[in-house]
Structure formats: C-alpha cells, structure tokens
Amino acid sequence: MRRRHVESWWAQWTCIGGTCAPAAAPPRNGLERLLDFYTSVTGPLLSGCLVFVTVAAAWALSRALGSAAGQAVEGTFFIVFAAYCLANFARCREAHCVVTGFGWSAVGVACVVSLILGHDTRVASWDAFLVVAVIGFGFEGLWMARHGNNALRLGAKAGP
C-alpha cells in the first residue's frame, strides 16, 4: 500500500487506505521494512473510512461468539490494531497513533488478563476502546491546531 500525505482531517477519513503525515522515509533497515509491511497489510482495514466497517465486524463477531471466545476476539483485535498504530507512529509520526497505540495495547492486554481470570469485560473493553480513540484524535486535533499538521515531532520543527 502506498501511503500518501493529505492536509485535512476530512481527506484522511474519507479516503480508502489511509494517509501518512508526513510520508515515511524509505526504510533503512529490516525493522522498518517489517513495520512498513505490517502497516501495508493491516492499513487498508484499520485506517480511513473502512475502519468503521472493521470495528463493527469485530464488535459483532465478539457478541456472536459469546463470553470467552468473544473476549479472545476482542483482545486480539485490540492488540492487532494497537500494533498497527505503534508501527504507523514509528514510521509516519501521526500524533493520535502514540495515544491509540499504547492505549489500545493496554485495553488488549486487559482483555487477555480478564479472559484468563474468567471475567467478561466485553462491554467495558469497547467503552475503553472508544475512550482511547476520542482521547487520541482529540490530542491530534490539538496538535494540528498548534503545529499545523499531525506529525508528532518533539524537539524539531513539526511543519511539512
């Protein structure tokens, strides 16, 4: 998947396949090639407007499978999504990805721990997923308002 840079939030969420802010530099090593591969495989379903379909499908599957299996699906989904965000942040620096990557990792781990302990936390897990999304994109909105784009770069000029 070739990621492209767009300037507006609307363009980011209405395109299929997502965006990058700014475009990632060519990979310099095996780890960066692996991160690019992972985001190219998962990105079409976890970014842009298709993310809503993917989230709805994961939610419906977790409900249809019942307590234990549904929670396993949720935990896996949250961890896969978190890994996408962390890989995307490492390569593209989208500001929301640092929040959603770590936040959804915590939600995914909590799902797995709850499953092991025999607690059904499916409703609370989805609530946490949404809260992390709101916080992440809220942070990105504030970052964009302050710096003019959504590339989170500390100690360096954040502009294009």
Check region 134-155 and report whether any residue there is at positive phi, out of contact with any Phe, Trp or Tyr (no Cβ under 9 Å at 6 or more places or on another chain) and buried (at least 20 other Cβ atoms within 10 Å of the Cβ). no
Sort out which residues of region 24-77 are without any contact (Cβ under 8 Å) to a residue 24 or more places away in the chain and of a type in the set (S, T, N, Q), and write them in order of number. Asn29, Thr54
If you go through Phe89, Phe139, Phe129, the only one that is closer than 25 Å to Leu61 by Cβ and of a type in the set (Phe, Trp, Tyr) is Phe129
Go through (1) among the hydrophobic types (A, V, I, L, M, F, W, C); (2) closer than 21 Å to Ala133 by Cα; (3) modelled with pLDDT under 90 one by one and return the number of the condition Ala24 breaks. (2)
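The values are calculated or read from the model by the stated rules, or taken from the named source; none is laboratory data. Since the model is a prediction, treat every value here as computed from it, not as a measurement. So basically every Cβ, Gly included, is an ideal-geometry build from the backbone, and we count neighbours across all protein chains shown.
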